[in-house]
Amino acid sequence: MTSVLETAPAVTARAPAKVNLELGVGAVREDGYHPLATVYQAVGLHEDVTAATADAWGVTVRGRDAELVPTDETNIALRAAMLLADEVGGDLAPVHLTIHKRVPVAGGMAGGSADAAAALVACEALWAAGLSKAELDPIAAQVGSDVPFLLHGGTAVGSGRGEIITPVLAKGSYHWVFVPTPAEGLSTPEVYRTFDELTEGRRVPEPEPSPAMMAALRLGDAEALADVLTNDLQPAAIKLQPRIGEVIEAAMGFGALGAIVSGSGPTVALLAGSQEGAIDLAVALTASGVADEVLRASGPVAGAHVIPAPRLT
Ligand code: ATP
C-alpha cells in the first residue's frame with residue numbers, strides 16, 4: 001500500500017468531460033483505426049485529480065463508478081503520469097494519484113481521458129517541469145485520442161483519430177442534459193464493429209467537419225446547433241442498445257431541441273434552449289420514469305487546469 005504523507009507536496013487539477021457535436025467516421029483503415037472528423041465540446045462535468053509525491057507509484061479512485069476503474073498501471077491517468085515522468089527525466093520521486101470521478105465510466109464522455117489530461121497538468125505543475133500544453137500534446141495523444149482535446153477544452157475540431165485538435169470559433173453557451181443508459185453490449189470496439197457491418201458494401205466518404213456545423217457555432221444559436229448534431233456511430237449504438245433510441249424519442253417529445261449519442265455511447269446528450277429548459281427537461285425525464293438519472297452541464301468550458309485544493313463535491 002502506497003503511503004501519502006499529509007505534508008507531501010501535492011497539486012490538484014480539474015478536467016472536463018466532452019460531448020461530440022459531430023462525429024464523422026470513415027471506412028476502417030488497414031491498421032484497424034477509423035479516420036474521424038469530430039467536433040468536440042468540453043462540458044462542465046468535471047474530474048479532479050490530485051498528484052502527491054509518494055514512496056511508490058499508485059492510484060486511488062473515489063466518487064462515481066469508482067469500483068469500475070482499474071487501480072493498476074492500466075489506469076490511463078497513471079499511465080499518463082508515468083509517461084510524463086519519462087519525458088521530464090531526472091530523479092523524480094514517484095507520485096500517488098487520487099482521482100475524484102463525476103463522469104460516468106465507459107459512457108462515451110471520455111471520463112478516463114479527462115483523468116489522464118488532469119494527471120498531466122497536475123504532475124507538470126508538481127514537478128515544475130515548465131512544459132506548455134502544446135508540449136504535453138504528444139504525450140496526451142500517446143495515452144488516448146481524446147486526451148489532447150481535454151487538455152485544451154473549449155470547442156474544437158478533432159481529426160486523425162481525434163487527437164489532432166484545431167480550435168473552432170464558437171459563440172454562446174449551450175445547456176445539456178445527459179442521460180446514462182445501460183452499457184451492456186456497447187463497448188467502443190463493438191460499436192465500431194457494428195458500424196463496419198452497417199456500412200459494408202457502401203462507399204463511406206472520407207469524414208470532414210461540415211460547414212453547417214461551423215456556421216451554427218459561429219452563430220451561437222442552440223436551435224441552429226440542434227439541427228446539425230450528427231453522429232455516424234448512432235445507428236450502430238441504437239442497434240446494440242435500443243434503449244438509446246427510446247430515450248431520444250421521449251426527450252424530443254419533452255421539448256429537447258436536439259439529441260445525440262455521445263461518442264460511442266451509451267450516454268444520450270440532449271440540447272436545451274436555456275438553463276431553465278434543461279431543468280424542465282431533466283424533471284420531465286425523471287418524473288416520467290424515462291430516465292433513472294440525468295446529469296446537467298453547460299459548455300464550452302476550459303480544459304485541464306490546476307485548482308487551488310481538492311473539491312470533493
Ligand atoms: P470515450 O468517450 O473516450 O470512448 P468513455 O467515456 O466511454 O471513453 P472511460 O470512462 O473513459 O470511457 O473509460 C473506458 C474504460 O477505460 C473503462 O471501462 C476502464 O476500464 C478503463 N479506464 C482506465 N483508466 C480509467 C480511468 N482513469 N477512468 C475511467 N476508466 C478508466
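Laboratory data are not the source of any read-out in this text; all were calculated from the coordinates shown. The structure presented is a predicted model; accordingly, all values stated were derived computationally and were not measured. Quick reminder, even Gly has a Cβ in these numbers, built from the backbone with ideal geometry, and neighbours come from all protein chains shown.
List of remarks:
- Rg to Rh, two decimals, where segment 10-168 supplies the alpha carbon set and Rh follows Kirkwood: 0.97
- At full extension, Ser274 and Thr74 could sit 68.0 nm farther apart than now, given 0.36 nm per residue minus the alpha carbon distance.
- Extending 7 Å from the Cα toward the beta-carbon at both Ala302 and Arg29 defines two label points whose distance is 3.4 nm.
- With each label modelled as a point 7 angstrom along the Cα→C-beta vector, the Ser132-Trp57 pair spans 2.8 nm.
- Projecting the Cα atoms of Leu240, Val95, Pro180 onto the charge dipole of the chain, computed from C-beta unit charges around the Cα centre, puts Pro180 farthest toward the positive end.
- Less than 5 angstrom separates the built amide H of Lys101 from those of Arg62, Gly63, Arg64, all sequence-distant by 5 or more or on a different chain.
- Cross-link partners of Lys133 among lysines (Cα-Cα below 27 Å; sequence separation of 8 or more within a chain): Lys18, Lys101, Lys171
- Measuring nothing but how far apart in sequence close Cα pairs (under 8 Å, 6+ apart) lie, relative to its length, segment 10-168 scores a relative contact order of 30 percent.
- Ranked by the mean number of other Cβ atoms within 10 Å per residue, highest first, peptides 104-111, 64-71 order as 104-111, 64-71.
- Residue-averaged [θ]222 nm for the chain, counting only DSSP H segments that reach four residues, each worth -39500 (n - 2.57): -10000 deg cm²/dmol
- Each Lys and Arg adds +1 at its Cβ and each Asp and Glu adds -1 at its Cβ; summed about the Cα centre, the chain shows a dipole of about 520 debye.
- Under the criterion of Cα pairs below 8 Å and six or more residues apart, the relative contact order for the chain equals 26 percent.
- Computing Rg and the Kirkwood Rh from the Cα coordinates of segment 174-299 gives a ratio, Rg/Rh, of 0.99.
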